[in-house]
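We did not get these values from a lab; they are worked out from the coordinates using the rules stated. All values reported here derive from a predicted model rather than from experimental measurement. All Cβ positions, glycine included, derive from the backbone under ideal geometry; neighbour counts span all protein chains shown.
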Amino acid sequence: MMKYLAYSKILIISEMAYKFEFVMNILSTIVQMFVLFFLWSAIFSWNNTATIGGFTLSEMITYAVVGVVIARILNTFIEWYIEEDVKTGNIVMMLTKPLNYVWYNAAISLGEYSDAFIRTALPSFIICILIFHIFVPDPLTLILAFISVFLGAAVLFLISFILGTFAFWTTGSIWFLRSLKQTSITLLSGSFIPLAFFPELLRNIADVLPFQTIYHVPLSIYLGKISGFAMLQAFAIQIFWIVLLAVIATLTWKAARRRFVALGG
Amino acid sequence: MDSMTNIIEVNNLCKQFKVQRREAGLAKALKTFFSQKYEVVDAVKDISFNIEKGEFIGMIGPNGAGKSTTIKIMTGILVPSSGNVKVMGYCPWDERLDYVKNIGVVFGQRTQLWWDLPPVDSFELLKHIYDIPEHRFKKNLEKFSEVLEINKLMDIPVRKLSLGERMRCDLAASLLHDPKVLFLDEPTIGLDVVAKEKIRNFLKETNKEKKTTIILTTHDMGDIEELCPRIIIIDKGQKLYDGSVAEIKKKFGKERMLIVDFVESIHPRFDWKGVRATEIDAKKFKFLVDTRMAKISDVTKRILSKYQVHDITVEEPDIEEIIRDIYRRGLRA
């Protein structure tokens, strides 16, 4: 386990080489938050209603702004790293190390998430509390929401890893697959618009896909929209997706390895 | 050979690849998009050899001969189509995770160092990956910094290092965990003379002091002559020769090279028995003389009697010449 965490650590150190990137990241995050703040304020005042889809304006702003914070953490480039490994042939170096490639990538992802959390998401979160006076739940709910973000991060990693293994069949497809992933997340995860606003059909589709476990679940916990048994259920669904996707990831990796062996690297 | 002392045993190794055929042009590209055609290529055809503990083996052969494939199978990266490999009792591809803890691997055109970070960070990472005890890690790192002269490079980001500097760091990285077997795939490729010399000295010392078994592929016959008492020549996926460098010189080095500078440009035909002439330029010729069929002195006399000559030099063909000849003509002596 320690050897994988060493990879998380070196990735953080490596990211630190780009010293001023994080200042830019925080600034762009704040700008994005302002855009969403004005957008939702305008929507609420035009409609002249106190609530939309069960959300008050203040809840909606909290949802949108905290959603941006989570998006800052969940910025993984795993599919690109895998494609790079395949394209450059560096995968060969990885295979000569006593490492499981899935765990190795998980460790890299954890490093990315941690770096983004410490240097961008956490400062942005504190700044947005000060600027927008958003709702902050009690510590226990906050911790549960955080755990839920972590589980969502695992789901996102596994989806990215599975897409990344496609690089063994065709390099160059990764850009397209990544865009597809981003679009699916924007539309179906609840990161942009709460799932409660969706028409029934779209809502049902979102419910049976893994994307909603990435934003909808943690944000709903944060806002206290789900609690008690419903929260346990939401956690169970997250864990279900992690297990299922982990099995798929292991299988696609095995298939990728077979393909690599057949083509001779 | 006593199998007890063999650290590596390779038996009847075969590897076939599927190679994608892509034809030029847009229409053809679209066609291959819908129906991919594969061709089966034999990269390695029935190769067997044993290596004893502490040996320093040079593996040579032209590009695409199957050297790298053989190395990739021996390091557990690829699975052969058939045949057996045992290294230290492990089957490299079946027991990869346990096996690779005991080997070091360097691929000349790749690096295992982190691009944006100084080498010392990568070394630190390797300490965790291989679970190297702190005291041993420190001792090895000190030793390597001294012999490979990398102490001044330790805190420079890898992307700013020269190829030679990077390769020295990569070598250190591959040996931090004291592997019993070291695989080097073209470690001196693209390096200047000084850098090559440093690396060769280091490898020599490692092989001698730690009894590390080293398998090296290279195109540089200087590497071979300085480092490897035994060579394995591979061509078209097959083993052409397995034996000592001295032996191959004795066996195939029966030719002497005569380089003649003529005063005027000549257009002769030298169809003398045992002599092969090649034109270097109009006034300069190279004669390969098979000393079993023709005497150097006779050939020289004949040339001098017919032509005006500026200069004649006689050279023993070096190993490079011999190897080139073997690639070209096979093992027929």
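Before moving on, here are some points about what is shown:
- Largest-first principal axis extents, alpha carbons of the protein assembly as shown, Å: 114, 63, 47
- For B:Leu240, the residues 5 or more places off, or on other chains, whose built amide H falls under 5 Å of its own are B:Ile233, B:Ile234, B:Asp235.
- For residues of A:15-25, the mean tally of beta carbons on other chains within 10 Å: 1
- 3J(HN,Hα) couplings calculated from phi for segment A:38-53 with the Karplus curve 6.51 cos²θ - 1.76 cosθ + 1.60 (θ = phi - 60°) are, in sequence order, 5, 4, 5, 4, 5, 4, 5, 6, 5, 6, 6, 10, 7, 9, 10, x Hz; Gly and Pro show x.
- HN-Hα J in Hz across segment A:65-78 - Karplus 6.51, -1.76, 1.60, θ = phi - 60°, x for Gly and Pro: 5, 5, x, 5, 4, 5, 4, 5, 6, 8, 10, 9, 10, 3
- Centre-to-centre, using Cα atoms only, segment B:213-273 and segment A:147-180 are separated by 51 Å.
- Segment B:254-316, dipole about Cα centre (Lys/Arg Cβ +1, Asp/Glu Cβ -1), debye to the nearest 20: 320 debye
- Residue-averaged [θ]222 nm for chain A, counting only DSSP H segments that reach four residues, each worth -39500 (n - 2.57): -24500 deg cm²/dmol
- Tensor-based shape of chain B (alpha-carbon gyration tensor, a/c under 1.5 rounded, otherwise prolate or oblate): prolate
- Total charge dipole magnitude, chain A, about the Cα centre, Cβ charges on Lys, Arg, Asp, Glu only, Debye to nearest 20: 660 debye
- Inter-label distance, nm, simple model (7 Å from Cα along the C-beta direction), A:Val243/B:Asn12: 4.5 nm
- What the Cα atoms of segment A:13-58 give is an Rg and a Dmax of 16.8, 50 Å.
- Peptide A:253-264 has a mean of 4 when you count, residue by residue, the C-beta atoms of other protein chains within 10 Å of its C-beta.
- Computed over chain B: relative contact order in percent, which uses C-alpha pairs under 8 Å that are six or more apart: 18 percent
- Across segment A:206-223, coupling constants 3J(HN,Hα) worked out from phi with the 6.51/-1.76/1.60 Karplus curve, θ = phi - 60°, read 4, 5, 8, 9, x, 4, 5, 6, 7, 10, 4, 5, x, 5, 5, 5, 4, 7 Hz, and Gly and Pro carry x.
- Put simply, the Cα atoms of chain A extend 65, 43, 34 Å along their principal axes, the longest span coming first.
- Beyond 27 Å in Cα-Cα separation lie the following of the pairs B:Lys180/B:Lys254; B:Lys86/B:Lys204; B:Lys86/B:Lys198; B:Lys31/B:Lys72; A:Lys3/B:Lys15: B:Lys180/B:Lys254; B:Lys86/B:Lys198; B:Lys31/B:Lys72; A:Lys3/B:Lys15.
- Calculated diffusion of segment A:149-265, Stokes-Einstein form, Kirkwood radius summed over Cα pairs, 20 °C and 1.002 mPa s, µm²/s: 140 µm²/s
- Alpha-carbon centroids, segment A:32-100 and segment B:139-159: separation in whole Å: 41 Å
- Axis angle, to the nearest 10 degrees, between helix B:319-329 and the longest C-alpha principal axis of chain B: 80 degrees.
- Peptide ranges B:295-305, A:45-55, A:148-158 listed from the most packed, as the mean C-beta count within 10 angstrom indicates: A:148-158, B:295-305, A:45-55
- For segment B:287-306 versus segment B:60-85, the gap between their alpha-carbon centres in whole angstrom: 43 Å
- C-alpha long axis of helix A:101-116 to longest principal axis of chain A, angle in °: 40 degrees
- Taken residue by residue and averaged, Cβ atoms of other chains lying within 10 Å of the Cβ of B:109-120 number 3.
- With respect to chain B, whose longest principal axis is taken over its alpha-carbon atoms, helix B:134-147 is tilted by about 30°.
- Cβ-defined net charge surrounding A:Ile127, 14 Å radius [Lys, Arg +1; Asp, Glu -1]: +2
- Loop-located trypsin sites (Lys or Arg not before Pro) in segment A:1-68 (DSSP state other than H, G, I, E, B) with a sparse environment of at most 14 neighbouring Cβ atoms within 10 Å: A:Lys19.
- Whole-percent pair-distance distribution, where bins are 10 Å wide, for the alpha carbons of segment B:254-316: 23, 62, 15, 0
- Loop-exposed GluC sites (Glu not before Pro) per DSSP, neighbour cap 15 Cβ within 10 angstrom, longest uninterrupted part of chain B: B:150-263
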